[in-house]
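A short write-up of the structure that comes next.
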Amino acid sequence: MAVKTTKKLTPQQEALKSDIIGKVNRHFGKILEEATPHMIYAACALTVRDRIMEKWAVSHQEVKKEGSKKLYYLSFEFLMGRLLCTNILNLMQTEDYKAVLEDLGYTLEQVAELENDAGLGNGGLGRLAACFIDSLTTLDLPAYGCTLRYEYGLFRQKIVDGYQTELPDSWLEYGNAWEVARPEEAVKVTFGGDVHTSWENGVMKISYSNERSVMAMPYDVPLCGYDSKVVNKLRLWSAKSATDFDMRAFNQGEYVRAMEEKELAEVISKVLYPEDNHTEGKELRLKQQYFLVSATLQWILKEFEMRNGDDWSLLPEKVVIHINDTHPTMAIPELMRLLMDEKGLGWDESWDIVTHVFAYTNHTVMREALEKWPQDMFRRILPRLYMILEEMNRRLMERLEAFYPGDAAKHRYMAILADNQVSMANTCLASCFAVNGVSKLHTEILKNDIFKDYYLMDKERFHAITNGITFRRWIANCNPELAKLIDETIGKGWLKDAEKLSKLADYAEDPVFQKKFDAIKKSNKKMVAEYILEHNGIKVDPDSIFDIQCKRLHEYKRQMMNVLHIIAEYNRILTDKDYAESYYPKTYIFGAKAAPGYKRAKLIIKLINSVGDMINNDARINDKIKVVFVENYGVSIAEKLVTAADVSEQISTAGKEASGTGNMKFMLNGAVTVGTMDGANVEMYEQVGDDNIYIFGLRSDEVAARERIPGGDEVKNIYATNSSLRHALEQLIDGSIVPENTNLFMDLYNTLLFGDYGYPDTYMVLRDFEDYMNIQERISKDYQDREKWIAKQIMNTAMSGYFSSDRTIEEYNDKIWHLTPIK
Ligand code: 26W
């Protein structure tokens, strides 16, 4: 692959080298010269794993000895990405691995690229979980991440003729070097059937008939923190047929049927649901949810019992369970069930424990994302849990009647069971000892709007904890040159204490530092330009402004506004000579997956690609604008893109983006944000001040006010008066973009101008357009004042310390979890 270097290795590096060669020999039965690059990757990973395992054994003993309280972070998504570089960095061996691999004729980057992304998540919520586990471990806090071992992660996106198509993500095809199977810890999870109650000595006994069981098989991925002694783990549960075991006894016919049943059972952990911010209410998803929480809780109780015996009242002192959005909510009635039916506790005792063990984070206020299950489906699949929910609901109604006497509408809105549905959010709100939002603004919306009635009942429970990201991955690993420059300028401490980055502010206007900082941005832009040339066949100019919007595709994130604005700029270059002459070249880069069933989002992807074709191939504009859609956006592609952005697009409709974390990744790497006062953008603005961020658009209260009225007049007026917007809109339906199919984008045109339910422009694209256009024009101007612009970029990196997930985790720990760091 690369050219071998002749640098002399240190004794430690020599030892590492023979370790790697040894793995190639013993694991693959090959000599080094015969090893494929994949074998080199696997051999490397195995040496790293050995080192983690050694630490693990020690760490495990420490946790046991100290009898510490543990956090179980339950999440349906853990978007881990690749682990090789993270683990090497965390073990502080990056230089050694680099040197050894170079000695073997590889670069670390080349080898790392061979690892499949663990794409076990859709977007923000899943990536947040991954950043959290890194920070928890780095802060020496004992914690376990718990999720499903999806055989297929989030689909691989392939753009065909401008359209998104979905391919399976078989990330396990070469095996997973990081996991360890724990078959001895498998547990049984039971679905369906009939529940029978009987009484023995005054105690209710539960039994089942016609139920079906599935085995849950755990796989553990050990995780080490940066410069920390603790090893935590991510536990991945995989579904296995419970009938596997008597397979031998089966005759030919039954053998095949048994195989079919096995397939049915194992389908539970087959695939990650690709919906983000939208629930579908599918039976299999309900089963996945119960499967994860039941397996995890059985394990938690077993561990607790082993260490502490059967005094269950101690559970809240030893265990805290975090529910990452409502998806694992069934953990609440499941713990009730286990304590009552299996451990013999009464309702009140169990309830007292349950209400001191669970904490819940909300990650979205989008109505279509709030999970509700049809009651009859729930009852059929989880009959015993349903009984428990009925009793929880009955008691909840008593509490509500006491607090809000006679207010039936309110009771219904706050109920666990109402309108033939089971409300997961209300189950959490009725049971958790802590509830939090993921930014200041988002928490205000929870308190004053969607969860207001619960907030008024118990204000102390609500917390605002702003999200963060791990600086180890999002700067040290993805932008090593910038990390090195920071080390040289302010010393190394910032990787464990991100607030130290603020010292960079002193260098914002220093010409020598500016030059170095700018050179790094430029070289990252070149790297991305090469990537684009290779993958899209489009030549982009690294000297142009790189304006990037990458995130899930959703109407509220307003990729649509971005595209309309690009069309408007393009039109103006064609018609306004002065404008064309002064126009500073721009490269607009998009990356986004759309949920496969979200037609409009997929149409927006097609629009971006079609607008790209139209503009990129128009010789009249002389390469001034390029539009690029980067396929298959995910963690590893983000790691490239965030380092190369000049402008970061964070333009959601105010009030809709709970926090955003992509915004932080760009900021950290010295991009300047153009954004609305939404989610964590608000706090980014507080950190960097007016000069270093471009804020535009309606504020969340202004959006909320407009949502209450149909708004047709305002929209009509905008349409009549803003001619560049009108022109761009008309081009959606006049064949300018795709001449052979004039009607292609009709739906996008219609939804903006007429809306779906008589409310046009649901996401305020048209109403924010002019403001957006003006601010974009200002950005283009400001960019050309190079010193001033680079100073802005440096200020963004300097003031990003607050957005470290280490800070977030410390807040969670102080306010909610109360874990003690392992010594
Ligand atoms: C059931 C379907 C479904 C799937 C995922 C509904 C909702 C979700 C997530 C809660 C959506 C999500 O990822 N939300 C994002 O969470 C991030 C981490 O807190 C925030 O930064 C983003 O603003 C928020 O959209």
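The values are calculated or read from the model by the stated rules, or taken from the named source; none is laboratory data. Bear in mind that the values here come from a model prediction, so they are computed numbers and not experimental data. Here the Cβ is made from the backbone with ideal geometry for all residues, glycine too, and neighbour counts use every protein chain on show. Note: accessible area is taken over every heavy atom of the protein model, side chains too, but ligands, DNA and RNA are not part of it. Shrake-Rupley method; radii C 1.70, N 1.55, O 1.52, S 1.80 Å.
Is there a quick way to get the dipole size of the stretch 113-170? I mean about its Cα centre, with the Cβ of Lys and Arg at +1 and of Asp and Glu at -1; what is the value in debye to the nearest 20?
Here the size comes out at about 180 debye.
Per the Kirkwood treatment, what hydrodynamic radius in Å, one decimal, follows for the stretch 59-122 from the mean inverse distance over all distinct Cα pairs?
The Cα-based Kirkwood calculation yields 14.6 Å.
Assuming 1.306 mPa s and 10 °C, estimate D for the stretch 661-811 with Stokes-Einstein, Rh taken as the Kirkwood radius over Cα pairs, in µm²/s.
The estimated diffusion coefficient comes to 89 µm²/s.
Quick check: convex hull of the Cα atoms in the stretch 136-238, volume per residue, rounded to a whole Å³?
Convex hull of Cα atoms, per residue: 227 Å³.
With only Lys, Arg, Asp and Glu charged, each at its Cβ (+1 for the first two, -1 for the last two), find how big the charge dipole of the stretch 606-712 is about the Cα centre; round to the nearest 20 debye.
Roughly 340 debye for the stretch 606-712.
Taking 1 over the mean of 1/r across every pair of different Cα atoms in the stretch 256-396, what Kirkwood radius in Å do you get?
The answer is 16.6 Å.
For the stretch 704-767, list log₁₀ I(q)/I(0) at each q in 0.14, 0.17, 0.26 Å⁻¹, using the Debye formula over Cα point scatterers of equal strength and ignoring solvent, two decimals each.
-0.41, -0.58, -1.09
Can you tell me what share of the DSSP beta bridges in the chain is antiparallel? A percent to the nearest 5 is fine.
Bridges in the chain are about 45 percent antiparallel.
Mean projection of the alpha-carbon convex hull of the stretch 727-823 over all orientations, in nm²?
Approximately 13.0 nm², given one-decimal rounding.
As I understand it, the dipole of the stretch 160-203 uses +1 on the Cβ of Lys and Arg and -1 on the Cβ of Asp and Glu, about the Cα centre. Which of GLY192, TYR163, TRP178 lies farthest toward its positive end?
GLY192
Write down the Kirkwood hydrodynamic radius of the stretch 324-383, to one decimal in angstroms, obtained as one divided by the mean of 1/r over all alpha carbon pairs.
Roughly 13.2 Å, rounded to one decimal.
Output the pairs from LYS447/LYS492; LYS665/LYS815; LYS372/LYS551; LYS640/LYS792; LYS282/LYS551 with a Cα-Cα distance over 29 Å in this structure; if there are none, say none.
Beyond 29 Å: LYS447/LYS492.
Please list log₁₀ I(q)/I(0) at q = 0.12, 0.15, 0.17, 0.22 Å⁻¹ for the stretch 485-617, using the Debye equation with identical point scatterers on the alpha-carbon positions.
Computed log10 I(q)/I(0) values: -0.69, -0.93, -1.04, -1.25.
How large, in percent, is the carbon and sulfur part of the accessible surface of the chain at a probe radius of 1.4 Å?
50
Cross-link partners among lysines for LYS30, C-alpha distance below 17 Å, same-chain residues fewer than 8 apart left out?
LYS17
Would you calculate, for the chain, the mean residue ellipticity at 222 nm contributed by helices, counting each DSSP H stretch of 4 or more residues as -39,500 (n - 2.57) and dividing by all residues, to the nearest 500?
-14500 deg cm²/dmol
Please report Rg (one decimal) and Dmax (integer) in Å for the Cα set of the stretch 185-307.
Gyration radius and largest Cα-Cα distance of the stretch 185-307: 18.3, 57 Å.
If you take the charge dipole of the chain about its Cα centre, with +1 on Lys and Arg Cβ and -1 on Asp and Glu Cβ, which of TYR290, VAL635, THR137 is farthest toward its positive end?
It is THR137.
Using the Cα centre of the stretch 1-71 as the reference point, and only Cβ charges (+1 on K/R, -1 on D/E), how large is the resulting charge dipole? Debye, rounded to the nearest 20.
It comes to approximately 220 debye.
What whole number of Å gives the distance from the Cα centroid of the stretch 693-761 to the Cα centroid of the stretch 632-665?
24
Using alpha-carbon positions, what is the distance between the centroids of the stretch 370-387 and the stretch 15-58, in Å?
Rounded to whole Å, the Cα centres lie 48 Å apart.
Can you divide the C-alpha Rg of the stretch 23-148 by 2.2 N^0.38 Å and report the result to two decimal places?
Compactness ratio reported: 1.20.
Which three semi-axes in whole Å describe the equivalent ellipsoid of the stretch 490-562, each the square root of 5 times a Cα gyration tensor eigenvalue, listed largest first?
With the √(5λ) rule applied to the stretch 490-562, the semi-axes are 30, 20, 13 Å.
Of ARG786, ARG461, which has the most accessible area with a 1.4 Å probe, and how do the rest follow in descending order?
Heavy-atom accessible area, descending, gives ARG786, ARG461.
Compute from the Cα atoms of the chain the Rg and the Dmax, the latter being the longest Cα-Cα distance, and quote both in angstrom.
Answer for the chain, Rg first and Dmax second: 27.5, 92 Å.
What share of the DSSP beta bridges in the stretch 284-436 is antiparallel, in percent to the nearest 5?
Here the share of antiparallel DSSP bridges comes out near 40 percent.
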